[in-house]
Amino acid sequence: MTTPPLVIGLAEVSRSDHALVGGKASKLGEVVRQGLPVPPGIVITTRVYSSFVESTGIGPAIAAALASIDPSRPETVEPASQAIREQFEHTEFPSELRQSLEAALHSFEKEHSVEWCAVRSSATAEDLEGASFAGLQETYLNVRGTEAILTAIRRCWGSLFTPRVLVYRAKKGFDHSQVELAVLVQKMVEATTSGILFTRDPNTGENHMIIEAGWGLGEAIVGGEVTPDHYVVDGASQRIIQKQVSEQAFRLVRAEPTGNRKEDIPAADRGRQKLSDERIQRLASLARVIESHYRRPMDVEWCADAHSLYIVQARPITTIPSGVFQNERPRGSTTPSSEGAGEAAPLVRGFGASPGVAGGTVRILRTASEMNRLRPGEVLVTTMTTPDMVPAMAQAGAIVTDEGGMTCHAAIVSRELGVPCVVGTRQATTRLSEGSSVSVDGKAGAVYEGLARAEQAKANRPPSGTASSDGSHASVPVTATKIYVNVGVPEKAVEYARLPVQGVGLMRIEFIFTAHVREHPLSLLQKGKKDELVARLAEGIAQVCQAFHPRPVIVRTSDFKTNEYRGMPGGEPFEPNEENPMIGWRGCSRYISPVFRPAFLAELEAIQKVRVDKGLKNAMVMLPFVRNTWELEEIAGMMRDAGLRRSRDFQLYLMAEVPSTVLLAREFSQHCDGFSIGSNDLTQLVLGADRDSETLGRMGYFDERDPAVLRAVEMLIEGAHASGRTVGICGQGPSVYPEFAEFLVRKGIDSISLNADTVVTTIRSIAALEQRMKLDGLRRSDFGPAR
């Protein structure tokens with residue numbers, strides 16, 4: 001086994017290196033691999049951290065300090081934290097380790113002409129989907145010289161044990177002893193502007209990009225010292241739909257000989273827009289590539305110098321409320337008040353930074369040293385929270401600040417803690433009275449006098465949409481669009497069967513090959529092990545069918561490509577080398593070839609065994625990568641010989657991945673009961689964009705939302721419905737892009753099959769959309785032109 005490196009270049013890092021380089025560096029390495037602009041860097045890996053702890057002998061002292069923390073006594077956290085940080089800051093590097101780091105830093109500085117560096121913590125428990133640890137571990141900017149960098153590295157390690165991190169980590173359920181820290185050293189950008197971008201609205205999940213921008217270094221924004229410009233970009237069209245320009249009196253810039261300093265901004269520039277419209281749209285384009293790569297909403301930090309934009313961090317948004325997309329409101333929030341109409345005006349307004357409504361007693365706090373004055377459930381009102389306030393923030397009923405935007409540290413941590421928060425009010429500390437009672441609406445961004453609004457919101461709050469102890473989802477709405485779930489490994493079937501779905505829209509038989517069979521089918525047949533092959537396939541299929549019975553399970557027959565089959569044990573003698581296996585010998589073309597036909601017949605025999613021997617008639621078949629009707633005629637004959645004949649009890653579906661199925665939908669309809677759109681393959685073949693091409697992916701060519709792809713989907717639905725056939729989709733597009741799901745529903749798609757983790761949220765989104773469509777229809781009926 002190869003020994004992990006002490007230092008690794010950021011360009012060599014991928015998500016698989018998370019345990020070695022930590023969350024921040026692993027995700028940033030993925031961004032570099034997408035060809036996006038990122039300042040060059042190297043990662044001091046967790047191996048250096050563990051080597052330092054072990055070789056210096058400070059491990060027992062750390063363990064003893066952690067053991068001294070009593071969860072029921074918050075006052076025990078600070079002494080333990082101080083003891084651990086002193087161990088790191090006062091212990092020198094062993095000579096051999098120091099020499100290795102000095103050599104790596106010298107090489108990095110020489111290769112990239114580095115004079116100033118950013119030294120950034122990258123913990124193994126950081127930038128995760130359930131916990132961002134935003135701003136909790138230290139970052140040191142404008143660091144110059146090897147000695148200063150080595151000191152900053154040790155301080156980063158120590159920041160793994162600050163009181164705020166210890167409290168946050170305990171709240172999120174992480175074991176302190178199992179977390180390690182890598183350090184990312186990057187060339188410093190002399191930033192003229194900096195900020196943060198959310199690829200989805202972090203409060204509502206709406207398909208709007210939220211960009212915040214300020215002059216100078218971004219720490220002033222994250223720390224809430226300045227109120228940034230606020231731009232909203234439509235996620236689909238990338239059109240700027242809202243701009244709120246804020247006045248900024250100072251900026252953070254580089255100080256001599258090291259560190260940062262505040263610099264006054266000339267009066268003429270204070271109210272100027274921080275990013276030009278062109279740069280806003282360019283930044284949105286970069287963020288769209290990042291979101292497409294990760295296939296989930298992302299929180300992106302960026303900066304810009306006079307010439308270029310740079311991405312300096314990318315992590316999943318951890319706080320979009322469950323079940324909230326597009327126009328659906330978060331649970332526990334109310335519609336923003338319309339002043340007038342008999343309702344009291346808010347005492348203060350700001351940015352809605354963390355959704356929900358809560359009431360309590362106002363407690364105005366100026367610094368972290370006053371945090372012990374806050375009682376559980378009170379409303380924390382301050383100029384701006386700092387990372388040191390996290391323990392108190394966890395106790396607050398709501399949080400209100402004078403400064404900051406919806407991407408500042410206070411906003412991010414509040415959302416993760418589930419505490420309603422309003423930031424950027426400018427005057428909360430002067431307008432709200434100590435000891436008074438208020439209601440804080442974290443969605444509307446408003447604070448109201450008294451507790452009535454909070455009590456009303458609590459009374460109106462609907463029950464949770466999660467499954468009850470018996471697995472039911474009583475509060476999940478019913479949709480006209482049928483919702484199915486995709487199943488990979490059979491072992492998850494029982495868990496997924498509890499979801500409120502009509503069945504399994506895609507069960508890939510390949511997962512049974514890789515997890516249960518574990519050998520190329522032709523290799524097993526050559527060894528005379530046909531019965532063993534059929535039995536293993538039938539066992540995996542039956543496991544899923546039994547869990548979902550009597551709901552249908554659509555089993556997609558094998559669609560390995562030649563390069564994938566060659567990698568299976570025993571596969572090399574049977575698989576040719578193809579230049580482009582993505583459009584090579586795959587899908588139905590395999591089934592009708594003399595070489596692979598016996599393996600396909602074994603698949604059919606396994607499915608029939610499940611239906612007849614086990615009595616699970618809910619097993620249906622779907623054929624992948626269909627190119628021609630004549631191949632279907634031959635396959636239909638093979639299926640009939642195996643006892644699988646289309647009838648009321650047995651349906652045959654076709655994957656719509658090749659444009660020929662779209663162009664000849666009516667002809668293909670004569671050979672099947674319905675279609676299921678494979679959006680990945682259909683997209684690559686409509687656009688001529690290889691889905692595996694990193695270059696085209698970085699350039700934005702591969703996108704299910706492209707107008708040509710949408711037109712192909714529309715043509716298929718029209719042609720299939722004209723022939724009385726159903727159309728579904730089993731790709732990830734509807735899960736990742738709410739606007740794509742809306743397009744499908746509006747065009748009359750019959751069913752959508754989803755990944756399990758998006759089922760409930762997408763059902764709610766589709767239900768809301770169908771309700772809007774119904775209301776729109778009624779309006780047109782009632783107010784249409786007179787006849």
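The values are calculated or read from the model by the stated rules, or taken from the named source; none is laboratory data. If you're wondering where the values come from, they're calculated on a predicted model, not measured in any experiment. Counting neighbours? That spans all protein chains shown, and the Cβs are built from the backbone with ideal geometry, glycine included. Heads up: the accessible areas ignore ligands, DNA and RNA and are worked out on the full protein's heavy atoms, side chains in. Shrake-Rupley method; radii C 1.70, N 1.55, O 1.52, S 1.80 Å.
Some notes on this structure:
- In region 502-531, the residues that are within 14 Å of residue 568 (Cα to Cα) form Cβ pairs under 6 Å with partners that are of a type in the set (Phe, Trp, Tyr) and open to solvent by 30 Å² or more (accessible area, probe 1.4 Å), at six or more places apart or across chains, as follows: 522/574.
- Selected residue (criterion: surrounded by the fewest Cβ atoms within 10 Å (Cβ to Cβ)) from residues of region 579-603 that are in contact with a helix residue (DSSP H, G or I) (Cβ under 6 Å, 6 or more places away or on another chain) and assigned to a helix (DSSP H, G or I): 598
- Among all positions in region 569-578, there is no residue which is within 35 Å of the chain's Cα centre (by Cα) and open to solvent by less than 20 Å² (accessible area, probe 1.4 Å).
- Where a residue in region 424-450 is free of Cβ contacts under 8 Å to residues at least 12 places away in the same chain and more than 23 Å from residue 226 (Cβ to Cβ) and its partner, wherever it lies, is open to solvent by less than 50 Å² (accessible area, probe 1.4 Å) and part of a loop (DSSP other than H, G, I, E, B), with Cβ under 8 Å and at least six apart: none
- Of all residues in region 605-622, at least one satisfies being buried (at least 23 other Cβ atoms within 10 Å of the Cβ) and among the small types (Gly, Ala, Ser).
- Inter-residue pairs, beta-carbon under 6 Å, first at negative phi and in contact (Cβ under 8 Å) with a residue 60 or more places away in the chain and in region 45-74, second among the acidic types (Asp, Glu) and open to solvent by 40 Å² or more (accessible area, probe 1.4 Å), 6+ apart: 46/180; 49/180
- Test: residue in region 269-280 that is open to solvent by 50 Å² or more (accessible area, probe 1.4 Å), modelled with pLDDT of 90 or more and under 28 Å from residue 26 (Cα atoms): yes
- Taken together, the residues in region 639-657 that are open to solvent by 10 Å² or more (accessible area, probe 1.4 Å) and in a helix (DSSP H, G or I) amount to 2.
- For the residues 251, 296, the requirement of being at pLDDT 90 or above and open to solvent by 50 Å² or more (accessible area, probe 1.4 Å) singles out 251.
- Test set (1) open to solvent by 60 Å² or more (accessible area, probe 1.4 Å); (2) part of a helix (DSSP H, G or I); (3) of a type outside the set (S, T, N, Q) - residue 115 fails condition number: (2)
- Restricting the search to strands (runs of 3 or more DSSP E) fully inside region 196-253 and requiring at least 2 residues that are touching a residue at least 40 places away in the same chain (Cβ under 8 Å) gives 208-215, 229-234.
- The set of residues in region 254-265 that are under 17 Å from residue 139 (Cα atoms) and free of Cβ contacts under 8 Å to residues at least 24 places away in the same chain contains only 261.
- Conditions (1) outside any loop (DSSP other than H, G, I, E, B); (2) more than 22 Å from the chain's Cα centre (by Cα): number failed by residue 256: (1)
- Failed item, numbered, when residue 499 is tested on (1) under 24 Å from the mean Cα position of the chain (by Cα); (2) not in a loop (DSSP other than H, G, I, E, B): (2)
- Residue match in region 45-55 (condition: surrounded by fewer than 16 Cβ atoms within 10 Å (Cβ to Cβ), closer than 16 Å to residue 149 by Cβ and modelled with pLDDT under 95): no
- Candidates 105, 97 - the one that is open to solvent by less than 50 Å² (accessible area, probe 1.4 Å) and closer than 30 Å to residue 191 by Cα: 105
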